C-alpha cells in the first residue's frame with residue numbers, strides 16, 4: 001500500500017464511487033472537505049479527454065495547525081489531498097505519505113501527530129472496493 005513518498009491503494013470500483021466513499025468517510029469523521037477537483041471534467045471543458053481523475057482536498061485543523069506551527073513551510077502541502085484516478089478496470093487512490101512530508105519540512109517523521117495523520121490516510125484509503 002505504501003512507497004517512500006506516497007501511499008497507494010487499488011480498488012475495483014469507479015472513480016465516482018471511490019470519491020463517494022471517501023467523502024462519506026471524511027464526513028463520518030467530521031473532517032472538512034475543502035475542495036474537489038474533477039480533472040476529467042476540466043479537460044472536457046477545453047475539448048480534451050483524459051481518464052477519470054479527481055482530487056479531494058481535506059484537513060483536520062486540530063492536527064495540521066500544530067504541525068504548521070512547528071514547520072510553517074508545511075502550509076505548502078496542507079491541507080491533505082487524495083487523488084482518485086481511473087486505472088485499468090478500476091481506480092488507484094494516492095496521497096502523500098505524512099512521514100515523507102515531515103522529512104521534507106524538517107520535522108521528525110516519528111512525531112505523534114505525523115503518525116496520526118498517516119494512520120488517518122491509510123484508514124481512509126483502506127478497503128474501498
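Scanning segment 35-45 turns up no residue that is closer than 16 Å to residue 119 by Cβ and outside any loop (DSSP other than H, G, I, E, B). Of the residues making up segment 71-92, just one is surrounded by 15 or more Cβ atoms within 10 Å (Cβ to Cβ) and in a helix (DSSP H, G or I), namely 74. One residue is enough: does segment 20-30 have a residue meeting the conditions exposed (fewer than 14 other Cβ atoms within 10 Å of the Cβ), touching a helix residue (DSSP H, G or I) at 6+ places or on another chain (Cβ under 9 Å) and within 18 Å of residue 124 (Cβ to Cβ)? Among the residues of segment 20-30, at least one is exposed (fewer than 14 other Cβ atoms within 10 Å of the Cβ), touching a helix residue (DSSP H, G or I) at 6+ places or on another chain (Cβ under 9 Å) and within 18 Å of residue 124 (Cβ to Cβ), which makes the answer yes. Go through (1) over 18 Å from residue 8 (Cα atoms); (2) surrounded by fewer than 18 Cβ atoms within 10 Å (Cβ to Cβ) for residue 123 and report which single condition fails. Of (1) over 18 Å from residue 8 (Cα atoms); (2) surrounded by fewer than 18 Cβ atoms within 10 Å (Cβ to Cβ), only one is false for residue 123: (1). If you filter segment 37-64 down to residues that are touching a strand residue (DSSP E or B) at 6+ places or on another chain (Cβ under 6 Å) and within 16 Å of residue 124 (Cα to Cα), you find that the one that is surrounded by the fewest Cβ atoms within 10 Å (Cβ to Cβ) is 57.
Only the coordinates and a few stated rules stand behind these numbers; no lab work does. Only a predicted model underlies this, so the values are computations on that prediction, with no experimental measurement involved. Counting neighbours? That spans all protein chains shown, and the Cβs are built from the backbone with ideal geometry, glycine included.
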